[in-house]
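A.B. asks: Quick one: structure below, then a few questions.
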Amino acid sequence: MTSTMVSPILTPLLLILLSRAGLCEMPGTPGPLTEVSATEGGRVLLPCNVTAPTKGDSPILVLFYNGATGTPIYSIDARTGPLGRGVHWSVLGTRAHFALASSPQGLVVNDVAATDEGLYRCRVDFRSSPTRNIRVELHVIVPPRRVSIQNSEGVEVSGVIGPYPVGRSLVLTCHVTGGSPRPKVTWWHERSLLDDVVEEAKGQVTRNILTLPNLTRQHLYRVLTCQADNSNMTRPLAATVTLNLTFPPLEVKILASDTALSEGERYSVVCEAGGSRPAATLTWWLDGVLKTDTKDQVLQEGNVSRSTLHLVPRRTNHGSMISCRADNPQLDGAALEDSRKLVVYYSPKLQLRPGQNLDMSNIKEGDDVYFECDIQANPSVFKVQWFLNGEELQHNVAAGVIQSNQSLVLQKVGRTSSGLYTCRAVNMQGSDSSNAVQLNVKYAPVCTAGQKWVYGGGRLQPVNVTCRVEAHPDATRFRWAFNTSSEFMEIPQERIQSSRGRSLVSYTPETLHDFGSLLCWGVNDLDEQRQPCVFHIVPASVPEAVHNCSVWQNASRAGEVVVACQAGWGGGLSQTFTLEVRQGPGPGAPQGSSNLGKVLASLRDQPTPHFTVTGLAPGTEYHLAVVATNSQGDATPTILVHLTPIDVAEKRMSAAAAGASGGPGKITLTPIVGVLVGLVASLLVCSAVVIVVVRSRHARAHHAHTKIVYDQATPITKAGEDEGGAAELQQLQQERGPDIILVKGDVKACPEEQQVPPRGYRNGQDGSFYINPGSLLNNGGLASKETDALLQDATVGSSGGTTSFPHTTTSVPLASSPSSFPPPVGSEDPLTSFSSKGRGSSSSVTSPVNFRNPPGLQTQPDLCPQEVDCDPSRAPLVSCSRKGSQESSV
């Protein structure tokens, strides 16, 4: 490397080193002083004119010195070329560069630091001209680093401060850190100067204290600013706070009237409070208890608070005090309150209880019982009612039912007094029933109504008899005995099967003298049954014939008749019924002939004697035979003679008239013939009128039935009947012969066990029944078939065990009652006949032999159990009487 190449670089370095060592003096004289200011972190230009003073001259070296030490910090070496291509050197690094093209020219320093402050000197050496020195004084302005506001406790605050209560004094301190030169600290409200006195200036901290005595509502949201400023080259540094104040509420009011409230209804009660800052907190209190079912709102820019209480009043709230309290939780002792007294209407509240001295678990027949009904209601009740099992009780002193104000007295209670008692009170708000009180009257056992009282059977055949009794408490023990005409015998306990309220015994008649009455007594904890339940064991026999039969024509259907009878006693066994339609006697037969014709149709083994016959020819006489049957045989048939009406559309002409109309010659009538013709015409007119009237009545007498239609029955011929006419009968049926339809549904028969018993029962001296076997043999010869009959109790299995106990509500009196046993009812005549005529038809009934009640016999029991609907409007074919008579209506 040559010396000419090294000298441009080494020369300025060598000069710098020599000047630092003090071995080389800088040429030139000090120039004028220029002051320059810059903010910390900003940009500054230190002016230095490098333009040559004479034309043709040029600078060859530019040096910048910092402070009195004369240490170069920047240089430009242009000895080898123009200044624009000179070599730049700097100890400030990239922060500094020399601006040759700017005006003024000078050294540009970026990111000015506080340490850059001081005196600078710029030396410019020219090729021909003398050296130029320029002095520059750099002032670095350091703005305040931080401004903060502290409260009286020395805690820094900012933003919204407080809240402060009205009337309190406020002290705030503005704390400024740093700043060169020292900043000026002032307090401002908007553009109004509040305080510019600095109370403290130490080191880097400057403080100004602001005091605001006696805060008022006008200080709310007032903005206070602390400002620090030390130069017009920078913007002031400031901190701001906003005052928040608290106000107590000015008023509170419940916006509701004093009207009464109804229990259970939902009400909305509104309360408003105003003048509080922040908005008042509204709370609801009911008798000192806080209510939480509320909805709160703030209105009118936070000045009004509204709270809505959703209240469902109860009867216990009547007379309670409800209060609305407005409270500012930030102010002590500033709450306001408004109150209302509640008036609540409610329906009666009842409490039913027995008398204080009554032991409800030990009420017996004949005791007096009274109940008290405690009623709470607003407004007062105007009606009090008492009920037993849902049925209202009426005041009846004679019956021992006494209602007085809010109490009920029952004198000498009986078993029917048991049940659920309630009281009911009514006021304008409604009604209410109390909790019920159950009264269970203790009584000795009595026979349960609706049992089977008559059992039929044969010798050496066991009969299972079930005895049911009602009692409270339930009967747990039973005693059985058998009473005949010759002896009274207790039945051993090992032959008795008992449970709560019922007992079963299996009895086997061995001789004819063993038919009689079984007596049953129930025993409970209170007493033994006084009147026994009496069950009659009778020899089974053939059933009695049906009676009270009726036949009538159906107006809506041609050739249809309805047959309805009442069943007689079934002989102690289940019975069925058969209807046979037979052809009547021919035209030549004498009137009233009882000869039965051929069987045209039949329907056998039906449960009830109610039938509908269809397909009958008009103007024809039929014999309708109704027969009752059980396992012992057939009863005497009941024959109904029925003549079907002639169709009104049929026209008949006499032979004389036909001959007259057929001859061509003139007919001469004598006066006698004229009179005869007039009489015949009158008879024809009267007949037509009678037929029209009968038809109209027949149409009005139409009955509707619920029917089950069976297929046409095949004729059944018994031994001894005319079997030669079978083919003719079949042909007649194919030519639309009569059909029998069993009427079922609306027609209900009375229970088998309550139908007419056989003859021969008499009263015993002890109130029971026994059988006179001799009278049975003399009156009916029933003993000849007694060994063939066996009747099982429907509720007991063949082994004597109990299989089921169906409930029945049939009411049958005790055996000792004069009406507890059914005798036969009828006529002393061997045959009783009656006829029903009308609508162009006629019917007659032939009944079997029936006997009147002999002395000492019991009357017939209820033929209609309670489960059978005996309402004539619902059972059009037959209605049964409940007072012992055998009358029926069809």
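The values are calculated or read from the model by the stated rules, or taken from the named source; none is laboratory data. These figures come from a predicted structure and were not determined experimentally. All Cβ positions, even for glycine, are placed from backbone atoms using ideal geometry, and neighbour counts span all protein chains on display. Accessible surface is based on the protein model in full, side chains and every heavy atom, while ligands, DNA and RNA are left aside. Shrake-Rupley method; radii C 1.70, N 1.55, O 1.52, S 1.80 Å.
A.B. asks: Would you check which residues across segment 500-528 are surrounded by fewer than 23 Cβ atoms within 10 Å (Cβ to Cβ), farther than 30 Å from Gln575 by Cα and not aromatic (Phe, Trp, Tyr) and list them?
C.D. replies: Scanning segment 500-528 gives Arg500, Gly501, Val523, Asn524, Asp525, Leu526, Asp527, Glu528.
A.B. asks: Please find, among Glu199, Glu265, the residue that is more than 30 Å from Gln150 (Cβ to Cβ) and out of contact with any Cys (no Cβ under 6 Å at 6 or more places or on another chain).
C.D. replies: Only one candidate passes the filter, namely Glu265.
A.B. asks: Right, here's the next one. Which of the residues spanning segment 281-315 are of a type in the set (A, V, I, L, M), closer than 30 Å to Leu245 by Cβ and open to solvent by 50 Å² or more (accessible area, probe 1.4 Å)?
C.D. replies: Residues satisfying the conditions are Leu290, Val298, Leu299.
A.B. asks: I've got another one for you. Got a number for residues in segment 539-549 being modelled with pLDDT under 90 and either surrounded by fewer than 24 Cβ atoms within 10 Å (Cβ to Cβ) or β-branched (Val, Ile, Thr) (or both)?
C.D. replies: The number of residues fulfilling the criteria is 1.
A.B. asks: Within segment 510-526, identify whether any single residue is modelled with pLDDT of 90 or more, closer than 25 Å to Arg415 by Cα and touching a Gly at 6+ places or on another chain (Cβ under 6 Å), and answer yes or no.
C.D. replies: No, there is no match, as no residue in segment 510-526 is modelled with pLDDT of 90 or more, closer than 25 Å to Arg415 by Cα and touching a Gly at 6+ places or on another chain (Cβ under 6 Å).
A.B. asks: Then there is this: Of all residues in segment 345-376 being under 26 Å from Tyr267 (Cβ atoms) and more than 28 Å from the chain's Cα centre (by Cα), which is surrounded by the most Cβ atoms within 10 Å (Cβ to Cβ)?
C.D. replies: In the first step, residues of segment 345-376 are kept if they are under 26 Å from Tyr267 (Cβ atoms); the result is 345-350, 375-376.
Restricting the remaining residues to those that are more than 28 Å from the chain's Cα centre (by Cα) gives 375-376.
Details: Ile375: 19, Gln376: 16.
The qualifying residue surrounded by the most Cβ atoms within 10 Å (Cβ to Cβ) is Ile375.
This table checks each residue for (1) among the hydroxyl-bearing types (Ser, Thr, Tyr); (2) over 30 Å from Glu392 (Cα atoms); (3) assigned to a strand (DSSP E or B).
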| position | (1), (2), (3) |
| --- | --- |
| Val409 | no, no, yes |
| Val465 | no, yes, yes |
| Arg468 | no, yes, yes |
| Ser486 | yes, yes, no |
| Leu504 | no, yes, yes |
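A.B. asks: Can you work out which of the residues in segment 316-334 that are touching a Ser or Thr at 6+ places or on another chain (Cβ under 9 Å) and modelled with pLDDT of 90 or more is surrounded by the fewest Cβ atoms within 10 Å (Cβ to Cβ)?
C.D. replies: Pass one, segment 316-334, residues touching a Ser or Thr at 6+ places or on another chain (Cβ under 9 Å): 321-331, 334.
Restricting the remaining residues to those that are modelled with pLDDT of 90 or more gives 321-327.
Numbers: Met321: 13, Ile322: 22, Ser323: 18, Cys324: 26, Arg325: 21, Ala326: 28, Asp327: 21.
Checked segment 316-334; the qualifying residue surrounded by the fewest Cβ atoms within 10 Å (Cβ to Cβ) is Met321.
A.B. asks: Also, quick follow-up: As an exercise: evaluate Phe126 against (1) within 30 Å of Ala279 (Cα to Cα); (2) touching a residue at least 12 places away in the same chain (Cβ under 8 Å) and give the number of the one condition it does not meet.
C.D. replies: Of everything listed in (1) within 30 Å of Ala279 (Cα to Cα); (2) touching a residue at least 12 places away in the same chain (Cβ under 8 Å), Phe126 misses just condition (1).
A.B. asks: For Ala449, all conditions in the list (1) assigned to a strand (DSSP E or B); (2) touching a Ser or Thr at 6+ places or on another chain (Cβ under 7 Å); (3) among the small types (Gly, Ala, Ser) hold save one; what is the number of the exception?
C.D. replies: It is condition (1) that Ala449 fails.
A.B. asks: Tell me, yes or no, whether segment 377-385 has at least one residue that is in a strand (DSSP E or B) and in contact with a Leu (Cβ under 7 Å, 6 or more places away or on another chain).
C.D. replies: The answer is no, given that none of the residues of segment 377-385 is in a strand (DSSP E or B) and in contact with a Leu (Cβ under 7 Å, 6 or more places away or on another chain).
A.B. asks: Looking only at residues in segment 44-66 that are in a loop (DSSP other than H, G, I, E, B) and without any contact (Cβ under 8 Å) to a residue 60 or more places away in the chain, which one is most open to solvent (accessible area, probe 1.4 Å)?
C.D. replies: Within segment 44-66, the match that is most open to solvent (accessible area, probe 1.4 Å) is Lys55.
A.B. asks: Now, a different point. Quick one: how many residues across segment 67-76 are surrounded by fewer than 21 Cβ atoms within 10 Å (Cβ to Cβ) and modelled with pLDDT of 90 or more? Full working, then the answer.
C.D. replies: Narrowing segment 67-76 to residues surrounded by fewer than 21 Cβ atoms within 10 Å (Cβ to Cβ): 67-71, 73.
Next, from what is left, pick out any that are modelled with pLDDT of 90 or more: 73.
Residues flagged as surrounded by fewer than 21 Cβ atoms within 10 Å (Cβ to Cβ) and modelled with pLDDT of 90 or more within segment 67-76 amount to 1.
A.B. asks: I'm trying to understand the selection: among the residues of segment 301-316, which are in contact (Cβ under 8 Å) with a residue 40 or more places away in the chain and part of a helix (DSSP H, G or I)?
C.D. replies: Scanning segment 301-316 gives a single hit, Arg315.
A.B. asks: Can you report the number of residues in segment 168-192 which are outside any loop (DSSP other than H, G, I, E, B) and either open to solvent by less than 80 Å² (accessible area, probe 1.4 Å) or without any contact (Cβ under 8 Å) to a residue 24 or more places away in the chain (or both)?
C.D. replies: The number of residues fulfilling the criteria is 15.
A.B. asks: Further question: So which of Gln493, Gln497, Gln531 is surrounded by fewer than 19 Cβ atoms within 10 Å (Cβ to Cβ) and in contact with a Cys (Cβ under 9 Å, 6 or more places away or on another chain)?
C.D. replies: Gln531
A.B. asks: Only one of (1) under 30 Å from Gly42 (Cβ atoms); (2) modelled with pLDDT under 90 is not met by Glu199, so which one is it?
C.D. replies: (1)
Every residue, every condition in (1) under 30 Å from Pro183 (Cα atoms); (2) acidic (Asp, Glu); (3) in contact (Cβ under 8 Å) with a residue 40 or more places away in the chain; (4) out of contact with any Pro (no Cβ under 7 Å at 6 or more places or on another chain), yes or no:
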residue: Gly203; (1), (2), (3), (4): yes, no, no, yes
residue: Thr225; (1), (2), (3), (4): yes, no, no, yes
residue: Asp229; (1), (2), (3), (4): yes, yes, yes, no
residue: Arg235; (1), (2), (3), (4): yes, no, no, yes
residue: Thr242; (1), (2), (3), (4): yes, no, yes, yes
residue: Ala256; (1), (2), (3), (4): no, no, yes, yes
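A.B. asks: Kindly provide the set of residues from segment 102-122 that are part of a strand (DSSP E or B), over 17 Å from Gly84 (Cα atoms) and open to solvent by less than 20 Å² (accessible area, probe 1.4 Å), ordered by number. Step through it out loud before you land on a result.
C.D. replies: Just the residues of segment 102-122 that are part of a strand (DSSP E or B), to begin with: 106-109, 118-122.
When the remaining residues are screened for being over 17 Å from Gly84 (Cα atoms), the result is 109, 118-122.
Selection gives Val109, Gly118, Tyr120, Cys122.
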